[in-house]
Amino acid sequence: MVAAAAAISAGLVVGSASAASAHEALSNTNPESGATVTGLPEIELVFTDVILDEPTAAKTVVIGPDDRYYETGCSDVDQAVMTTLVELGAAGEYRVLWRAVSGDGHPISDEYSFTYQPAAGAAAAAGRETPACGDDGQLAEESPAAQVTVAPSDLAAESPAASTEADAAVVAEEGAPVWVWVVVAVGVVAVAAIVAAVVRGLRRKTP
């Protein structure tokens, strides 16, 4: 019984630490990946948790079938939502490349595409040769204080699998954050308390 109680408590501690250390991720987009739209005023990206609201940390670019840029300004961040205004051009496939920094300071990035089929006679924007929010937007690699220059074409170069491997390497080299050890310490104390309570109960039952 004592061993079982200890095992359950230890499992809860490890599970809590693992869940808390997970990075934010993209949970929803508008338009959705692969969708076909007839009009679109903005790109909306929704994440699983709050992302950093810094011009150098959050960026979205929209590239049309002519390889021109169709976002009209820098991205706006409101808690876990990043919004970017757009004016689309000719019909065709548009790529959305984005990058953000999660609450723990780790960069996340990816890309997806949608198809634009405007109504007959709809005005087509000319687009830009360079991104609307700077030629080569600076984004935080590790934290807001550590800025590096990243070319727009490289915004989505890091795949989710590569990001996972990189994050694992960082954890292996740097160790877990302090707060993770705090959680583990609290869990150890809880396990000790449970074991002590079980032992006392067994002693009371002993004739």
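The values are calculated or read from the model by the stated rules, or taken from the named source; none is laboratory data. Since this is a predicted model, take the numbers as computed values, not measurements. Methodologically, a virtual Cβ is constructed for each residue, glycine included, from the backbone with ideal geometry; neighbour enumeration extends over all protein chains shown.
So, Val37, is that one modelled with pLDDT of 95 or more and either of a type in the set (Gly, Ala, Ser) or under 15 Å from Ala58 (Cβ atoms) (or both) or not?
The answer is no for Val37.
Does Asp110 satisfy being outside any loop (DSSP other than H, G, I, E, B), of a type outside the set (S, T, N, Q), over 13 Å from Tyr70 (Cα atoms) and modelled with pLDDT under 95?
So Asp110 fits the description; yes.
Within segment 51-83, restricting attention to residues that are under 16 Å from Val37 (Cα atoms) and either free of Cβ contacts under 8 Å to residues at least 60 places away in the same chain or β-branched (Val, Ile, Thr) (or both), which residue is surrounded by the most Cβ atoms within 10 Å (Cβ to Cβ)?
Looking at the filtered set, the residue picked out is Val62.
Run down Ile43, Ile51 and say which single residue is β-branched (Val, Ile, Thr), under 16 Å from Gly103 (Cβ atoms) and touching a Ser or Thr at 6+ places or on another chain (Cβ under 7 Å). Even if it seems obvious, please write down each step before you answer.
Working: Ile43 fails: under 16 Å from Gly103 (Cβ atoms).
Going through Ile43, Ile51 in turn, just one is β-branched (Val, Ile, Thr), under 16 Å from Gly103 (Cβ atoms) and touching a Ser or Thr at 6+ places or on another chain (Cβ under 7 Å): Ile51.
If Ala123 meets every condition in (1) assigned to a loop (DSSP other than H, G, I, E, B); (2) surrounded by 16 or more Cβ atoms within 10 Å (Cβ to Cβ) apart from one, which number is that one?
Ala123 satisfies every listed condition except (2).
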